[in-house]
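*Asks:* Provided herewith is a single structure, encoded as structure tokens, for subsequent inquiry.
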Amino acid sequence: MREGKGKQALALSIKMVSGLINANPVVYEKKERRVRSAPANVDEYAVEPIDQLEIFDHLRDIKDPEHPYSLEELKVISEDAIEVDDSNSYVRITFTPTVEHCSMATIIGLCLRVKLMRSLPSRYKVDIRIAPGSHATEAAVNKQLNDKERVAAALENPNLVEMVDECLAPTYGFSN
Amino acid sequence: MAEPTELTRHVEAYIDTSRSPAQQAAALEAIASLLKSGRLTIEAMVREMGLYLTTTDAIIRAKGILLLAEVLSCLSSNPLDKITIHSLITFFTERLADWKALRGALVGCLALMRRNDQVGRVTLDDAKAVLESFLESLHVQSLGQHDRKLCFELLECLLENYSDAVIPLGNQVIDGLCESIDMEKDPECLMLAFHIVKLAAQLFPDPDGPLACVAEELFEILGHYFPIHFTHQKAEDLNITRDNLSSSLMLAFSSTPLFEPFAVPLLLEKLSSDLPSAKVDALKYLNHCSLKYGPERMAKHAEAIWRLLKDTILLSLRELILSFSPESLDTLETPRNEIADGALTFLETAVAQNNDLFLNLILGDADVNLIIQSISSYKSYTEISSEMKERVHAVGRILAVSAKTSIASCNRVFGSIRPCLLEALGISVRDLYGNHPHGHEHVDSEEISFGALFLSVLLLEASRDLIVGSEKATFLPNSGPEASHSIFQGFATGFERAFISTMSRNNYTEVSNPHVFLGVKGLQIFATFPGGLLPIQGSLFEDILTMLVSVVTQNCKNEWLWTLAMKALVNIGSYIFKYHQPEKGPSFMAIVVEKISSLLTSTELGMPYPLKLEAASNVGMIEMNYMLRIVRGVEEALFTNLSEIYTQVNIKSAEETVQLLHCYSTKILPWMQESGGTEQVPMQFVAALLSQIEGCNDLSSVAEEKGIMDATMEAVKFAVGSCSEASQNIIVEKTCSILSSSSYFSVDEYSFPTLPIEMEGLLSTNELESMPAKEKWVLSLFASVIIALHPTTHISNVRAAIHLFMRTFLKGHIPSAQALGSIVNKLCPRQNGERVPSDCSLEEAIDLIFNLSMRYPGKSKITLSDICHAASTNKSLQISALVGLAWIGKGLLMRGHDKVKDITMIFLECFLPTDGMSSKQASPEEEQDQNLHSSVMKYAADSFRILMSDSEDCLNRRFHPIIRPLYKQRFFSIMLPIFQSLFVKCDSSLTRSLLYRAFAHVVCEAPLIAVLGEAKKLIPLLVDAILIFSKDDAGKDLMYSLLLVLSGILMDKNGQDAVIDNASMIINCLISSITYPHMMPVRETGLQCLFAMSTLPHTRVYPLRTQVLQAIARVLDDPKRVVRLEAVRCRQAWSFLC
């Protein structure tokens, strides 16, 4: 039953997109990529834990579903909005949709989740949520994004997968 | 005459539109060659073609005329008679009106008009007729691109070569010109059109002439093209760039002063454009045009020019940050800004053109004056607002540029800002003329304003450049620049005092203090003023040098200041030679070079030794004479130190010696060689070194330290390597004589080298340590000398040398082995019947090395290869023998000698398991024996690295080896099948891993192109080797190198074919490499290779997708970040594989 609901809920958000939700978003400058200073004496066996910046580097170039800008440029995500605890394998991402009623919020959240699923070790638990007060149906979206079954169901929908993959396409933005 | 049928056939082939372009071209060529060879005349051809040229069918007629025209183009260098030319040009001129067959007419006209006098030229009357017809019947802009281009070419040709025909038609020509270039858009045509305008302007310079009447109209057409907007990105298909178009248009703009009333306002207007490229272009055009239009015409616009330039300069300097790093002592700001440069260049031109007018404007400008008046208030760089910084910077640059234009303007600028500057620098007028001894009353540096210092430095620099430039041009130091004396009168002392006082501040703690930077720069400028021109009392130049040297010697802690002062000294020194100021040379030598050179020997502790050496080499590299002085200092210090080392235990001087030697071989010698220094220096150095060691009897323990010995050997090798053969001969003689005088290298053996070597001495392992220190030094130096010799240098007793080195390398002395390798590399082979220059041929030397027998106590005699084959139970002897053999092999391999095969076989035989080794249970003793044996095998495997890799120590390009081209490639191709068969035969795992080690050395060093050729055979071996190395960390570097080879194959088009066949095998191997825990680059490269694999044909790699994705998922948790990022990228590529 729930699986069906999930599909419906996410599918709905696509149908709604006939016109642009936020036709004229504010575009911010990209932050300069911090170059990590190479450690002076390289210890072959030293561990470099996964940190905020590393996760931000994974996410910053994801394309917005409706504009040709990256999530970083639209300030949907920022480095500070990422909490990471490598020893406990836990990440929490807080993102801010550009407008309160943005129906794209679920898609953005789904993109974030898929990207992290593909980039982080399987031991990680990922929590994704909308910044408090930045969206009309905050609770509903948060619930949807962190429900394993609903996410799995969404990823069985070929339309959604195509949309997500388009946002994650590696040709966009800076590729190393 | 040629048979008409042949001609007809060709003509028909050309005219037939169904034939291919290639066939038509062939027909054209055939006709042209008929004409060239004289088998056909033009008349005959025209007669034959008759109907084709006049038919009413436009297509055939066009083709026919084009054929005739093309044929004429082919005959451009064949003489034609006047009548033929006349009738042909008349024909084509008429055809210009025939728009359906225009192409041929244009080509024909062009072909005829371009002929020169030698081969028959079109007469002026005919040319005039062409022009008239052109103007009457052609509407250029209604034609296609290629026809337009031809039209422009024709017009260009007429204007360029037939000006007498053009001039009478003045008005018509100009009107026609305007009409034809209006609205042109094609870049190629535009290039021609711009050039035509320029030509026309030159033909009609008269201010009342035909051009003057339509100048405005014509310029309006041209003006539309500015600034050039050229979006065509790919330049290769056009050969025209934006720059070409832009400079061509610039020449058209500046072609006649008649354009001035229209061009200058347009360009000035574009100065306020938002487009940076438009600004840059406008400035460039203005600069060029003002030169062509002349001062009078430009004077009208002076005010507007100054206003706009001021704004442009202010705006463009905004982004430039002043840099106070030592590198910017020459130019104040980095990076350069194109707009600022353009604006300042134009300002300079403008000031030079209308001196008084512009100086009035500049010096009377309210903004400029405001800055000058308030200059004393800009005290500290850090406290001034950034807007004021920009303004001070801009005003400084403007004044400097104006001062640079002439002595008169220099005087005026100085005169007008002098009171303000003096006040700001804290110098009273009384000070200037009163005869204060300098240093009497220091100006408090806190009082000196940054702005004033900055302006003074910029202005002084400008006046120096002006004087140096005018001196170079006139060589009359007393005429022009005399005027400048007056401005500097007394002024310089004030400035100098101000600069010195900035330096004498005690708190040098701040890094890059702008005051100090400007002080040093100011001093540098003073010191580079041409000698007699600066009327300053006493010895300003010497004071400055002393000051800077003391900064260098006393401020070693502050790296910025030290480098700054050093750089200033080097700049001053170079300036002396660049601008020929020989009168300053002696002072510089005495104060700077002597002092710094003496630092090397002084025991003064204030300055760290590496800094002393850096200062010395920096100063030396200014000029050869200085370098020679520095070399003297270095050698003096070196030999004093060495003699201390030989006689007493002095660790401190040992350290310094190593640094000295290192500086000598890496900085001084290469510089001397590059700047064409004499070989006397290195030769005498080696000779002195040898004499010194000869004179010492007992060497202290410090002398045995490896560091000193290695550094000395390096220096000797480089020094000998840079000598000519003659000097090398002398050095070799000397070394040999020292050697033979030593009792240790016993005389008997030395003169009878065929005697067997006593093995007794070789048996004790610490034999090398027991060798007396002096003998070890002499031996090492001898080896170094031998290593660096030219192939043609004569070694007096090669046999004895070989014998000696054989004996010593078996004791583990590696330089001896390298010297042997060098000898066999450079000896001459035996030639048929001829005497070899040296007393021993290559063959004899090889024979000596391999058959020299060694006497073994209680046993029969054995040879080198027997030792390698473990005939002795002494393993360390066996290892020394293997290493030595590898160096000998390297020498032979590089010259491409066949004997190297035997040597490699010796190495390979070491791998073959000895009896009973692999089978029975081993007793502890046997086990130890086995361990020893495996270490010997490892040395045998690593011998291949010595064979293949380039060595720093010997047989590299600095030491003149004989190198056969592609020797590595050849060796690789020989070895590959041998390895293949050995891998098949081999059953022991130890042998197998060592065999792979040897194989890896060969593959890694082989050129990629050779590896790619054998990719199919190689891949299975590579994959096996990587899998074996991935089991432990012993071969991690080799594993990395092998992965790089594999990635090289993967990246190549041909290599990929081989990879596709073995895809699954390679993927397995890569998967094992991406989890290799011992080396991060291995994992990274493994992932990159996997990424590359994902681009292979889908059918091949898709079945492996799941396996790869599972493996990569594990790597996502790699301890290293770089690897994780690479894993994400790789995973992305593989998961989208569909």
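The values are calculated or read from the model by the stated rules, or taken from the named source; none is laboratory data. All values derive from a computational prediction rather than experimental measurement. Counting neighbours? That spans all protein chains shown, and the Cβs are built from the backbone with ideal geometry, glycine included. Areas reflect the complete protein model, heavy atoms only, side chains present, ligands, DNA and RNA absent. Shrake-Rupley method; radii C 1.70, N 1.55, O 1.52, S 1.80 Å.
*Asks:* Given the range B:203-307, report the % of alpha carbon pairs whose separation exceeds 23 Å.
*Replies:* Details: 1616 of 5460 pairs.
The calculated P(r) of the range B:203-307 puts 30 percent of pairs beyond 23 Å.
*Asks:* Tell me, what is the Rg over Rh of the range B:254-379, with Rh the Kirkwood radius over Cα pairs? Display every interim value, and only then the final one.
*Replies:* Numbers: Rg = 15.8 Å, Rh = 15.7 Å.
Reported Rg/Rh (Cα atoms, Kirkwood Rh): 1.01.
*Asks:* What number comes out for accessible area per residue over chain B if the probe is 1.4 Å? Units Å², please.
*Replies:* Values: 48260 Å² over 1138 residues.
Value for chain B: 42 Å² per residue.
*Asks:* Would the range B:111-185 count as rounded, prolate or oblate if I go by the C-alpha gyration tensor, calling it rounded below 1.5 in a/c and otherwise prolate when a/b exceeds b/c, oblate otherwise?
*Replies:* Working: a/c = 2.31, a/b = 1.47, b/c = 1.57.
Because a/c hits 1.5 or more and a/b fails to exceed b/c, the range B:111-185 counts as oblate.
*Asks:* Another question about this same structure. So what is the relative contact order of the range B:257-387, in percent, for Cα pairs below 8 Å that sit 6 or more residues apart?
*Replies:* Details: 96 pairs, mean separation 32.1, N = 131.
Relative contact order comes out at 25 percent.
*Asks:* In addition: Just to be sure I understand the model, the point goes 7 Å from the Cα along the line to the Cβ. What's the resulting residue B:370 to residue B:1078 distance in nm?
*Replies:* 7.3
*Asks:* Can you pull out the buried accessible area for chains B and A, both sides counted, probe 1.4 Å, rounded to the nearest 100 Å²?
*Replies:* Values: alone 49210 and 10480 Å², together 57840 Å².
Roughly 1800 Å² of accessible surface disappears when B and A pair.
*Asks:* Radius of gyration and Dmax for the range B:1025-1113's Cα atoms, expressed in Å?
*Replies:* Rg and Dmax of the range B:1025-1113, Cα atoms, are 12.3, 37 Å.
*Asks:* Calculate the spin-label point distance for residue B:33 paired with residue B:1135, positioning each point 7 Å from the Cα along the beta-carbon direction, and give it in nanometres.
*Replies:* 6.7
*Asks:* Alpha carbons only, please: Rg and Dmax for the range A:72-134, in angstrom.
*Replies:* 12.0, 36
*Asks:* Same structure again: Give me D for the range B:1065-1134 in µm² s⁻¹, whole number, from Stokes-Einstein with Rh from the Kirkwood sum over alpha-carbon pairs, 4 °C and 1.567 mPa s. Working shown, then result.
*Replies:* On the way: Rh = 11.7 Å.
Reported coefficient: 111 µm²/s.
*Asks:* Here is a further query. Trypsin sites (Lys or Arg not before Pro), restricted to the range A:82-176: which are DSSP loop and have at most 11 other Cβ atoms within 10 Å? Can you show the working numbers first?
*Replies:* Numbers: sites: A:92, A:113, A:115, A:118, A:123, A:125, A:129, A:143, A:148, A:150; in loops: A:123.
For trypsin sites (Lys or Arg not before Pro) across the range A:82-176 that sit outside H, G, I, E and B with at most 11 neighbouring Cβ atoms in 10 Å, the list reads A:123.
*Asks:* Shifting gears a bit: If I stretch the segment between residue B:229 and residue B:9 completely, what's the gain in nm (0.36 nm per residue apart, minus their alpha carbon distance), one decimal? Mind dumping the intermediate values first?
*Replies:* Details: separation 220, 0.36 × 220 = 79.20 nm, distance 4.97 nm.
Gain in length upon complete extension: 74.2 nm.
*Asks:* Using 0.36 nm per residue of separation minus the Cα-Cα distance, give me the extension gain between residue B:1061 and residue B:666 in nm, one decimal. Don't jump to the answer; show the numbers that get you there.
*Replies:* On the way: separation 395, 0.36 × 395 = 142.20 nm, distance 4.94 nm.
Result: 137.3 nm gained on full extension.
*Asks:* A further question on this structure: Counting each DSSP H run of 4 or more residues in chain B as -39500 (n - 2.57), what helix-only mean residue ellipticity at 222 nm follows after dividing by all residues, to the nearest 500 deg cm²/dmol?
*Replies:* On the way: 60 runs with 773 residues, N = 1138.
So the calculated ellipticity at 222 nm is -21500 deg cm²/dmol.
*Asks:* If R₀ is 45 angstrom, what is the calculated FRET efficiency for the pair residue B:828 and residue B:980, using the beta carbon separation as r and rounding to 0.05?
*Replies:* Working: r = 36 Å, r/R0 = 0.81.
Plugging the Cβ-Cβ distance into 1/(1 + (r/R0)^6) gives 0.80.
*Asks:* Sorted from largest to smallest, which semi-axis lengths in Å does the alpha carbon gyration tensor of chain B give for its equivalent ellipsoid, taking the root of 5 times each eigenvalue?
*Replies:* Working: eigenvalues 963, 564, 198 Å².
They are 69, 53, 31 Å, listed from largest to smallest.
*Asks:* Can you bin the range B:1-95 into rounded, prolate or oblate? Criterion: square roots of the alpha carbon gyration tensor eigenvalues sorted a ≥ b ≥ c, rounded for a/c under 1.5, prolate for a/b above b/c, oblate for the rest.
*Replies:* Values: a/c = 1.61, a/b = 1.13, b/c = 1.42.
Cα axes put the range B:1-95 in the oblate bin.
*Asks:* In the range B:123-201, what trypsin sites (Lys or Arg not before Pro) fall in a loop by DSSP, with at most 12 other Cβ atoms inside 10 Å?
*Replies:* Details: sites: B:128, B:148, B:149, B:185, B:198; in loops: B:185.
Answer in residue order: B:185.
*Asks:* Between residue B:338 and residue B:387, how high is the FRET efficiency from 1/(1 + (r/R0)^6) when r is the Cβ-Cβ distance and R₀ = 25 Å? Nearest 0.05. The partial results should precede the final answer.
*Replies:* Working: r = 23 Å, r/R0 = 0.91.
Between residue B:338 and residue B:387 the formula returns 0.65.
*Asks:* Moving on. Please list 3J(HN,Hα) in residue order for the range A:124-138, calculated via the Karplus relation 6.51 cos²θ - 1.76 cosθ + 1.60 where θ = phi - 60°; whole Hz, with x for glycine and proline.
*Replies:* Per residue, the Karplus-derived 3J(HN,Hα) values read 7, 9, 10, 10, 10, 8, 8, 4, x, x, 9, 8, 5, 10, 3 Hz.
*Asks:* Add +1 for every Lys or Arg and -1 for every Asp or Glu among the other residues with Cβ under 12 Å from the Cβ of residue B:1109, and state the total.
*Replies:* Working: positive: A:118, B:1105, B:1114, B:1131; negative: none.
Net charge in that neighbourhood comes out at +4.
*Asks:* When the accessible area of the range B:273-368 is split by element with a 1.4 Å probe, what percent falls to carbon and sulfur?
*Replies:* On the way: 2280 of 4270 Å².
Ligands and nucleic acids excluded, carbon and sulfur reach 53 percent.
*Asks:* Another one. Once phi is turned into θ = phi - 60°, what whole-Hz ³J(HN,Hα) does the Karplus curve with 6.51, -1.76 and 1.60 give for every residue of the range A:146-159, x standing for Gly and Pro?
*Replies:* 9, 8, 3, 5, 5, 5, 4, 5, 4, 6, 8, 7, x, 5
*Asks:* If you fit an axis through the alpha-carbon atoms of helix B:559-578 and take the longest principal axis of the Cα set of chain B, what angle between them do you get, 0 to 90°, nearest 10?
*Replies:* 60
*Asks:* Would you please give the FRET efficiency between residue B:579 and residue B:142, computed as 1/(1 + (r/R0)^6) with r the Cβ-Cβ distance and R0 = 60 Å, to the nearest 0.05? Display every interim value, and only then the final one.
*Replies:* Details: r = 62 Å, r/R0 = 1.03.
E(calc), rounded to 0.05, equals 0.45.
*Asks:* Multiply the residue gap between residue B:850 and residue B:73 by 0.36 nm, knock off their C-alpha separation, and tell me the result in nm, one decimal place. Write out the running numbers ahead of the final one.
*Replies:* Working: separation 777, 0.36 × 777 = 279.72 nm, distance 7.46 nm.
Using 0.36 nm per residue and subtracting the Cα-Cα distance, I get 272.3 nm.
*Asks:* Please determine, in degrees from 0 to 90 and to the nearest 10, the orientation of helix B:260-270 with respect to the longest principal axis defined by the Cα atoms of chain B, where the helix direction is its Cα long axis.
*Replies:* 50
*Asks:* What percentage of all Cα-Cα pairs in the range B:17-72 are separated by more than 13 Å? Kindly include the intermediate steps, with their values, before the conclusion.
*Replies:* Working: 957 of 1540 pairs.
I get 62 percent for the Cα pairs in the range B:17-72 exceeding 13 Å.
*Asks:* Using only Cα atoms, find the angle between the long axis of helix B:899-911 and the longest principal axis of chain B, and express it within 0 to 90 degrees, rounded to the nearest 10.
*Replies:* That helix lies at roughly 60 degrees to the long axis.
*Asks:* Output wanted: per-residue J couplings in Hz (rounded whole) for the range B:1041-1058, from phi through Karplus 6.51 cos²θ - 1.76 cosθ + 1.60, θ = phi - 60°, x for Gly and Pro.
*Replies:* Ordered by residue, 3J(HN,Hα) equals 4, 5, 4, 5, 4, 4, 5, x, 5, 4, 7, 8, 4, 6, x, 4, 4, 5 Hz.
*Asks:* Comparing the chain by itself with all protein chains present, which residues of the range B:1090-1121 are at least 50 Å² less accessible (probe 1.4 Å)?
*Replies:* The answer is B:1116, B:1117, B:1119, B:1120, B:1121.
*Asks:* Right, here's the next one. Residues of the range A:109-125 that become at least 50 Å² less accessible with every protein chain present than in their own chain isolated, using 1.4 Å: which are they?
*Replies:* Correct list: A:118.
*Asks:* Just want to confirm a number: the relative contact order over chain B, from Cα pairs under 8 angstrom separated by 6+ residues, in percent.
*Replies:* Details: 1422 pairs, mean separation 45.1, N = 1138.
Computed value for chain B: 4 percent relative contact order.
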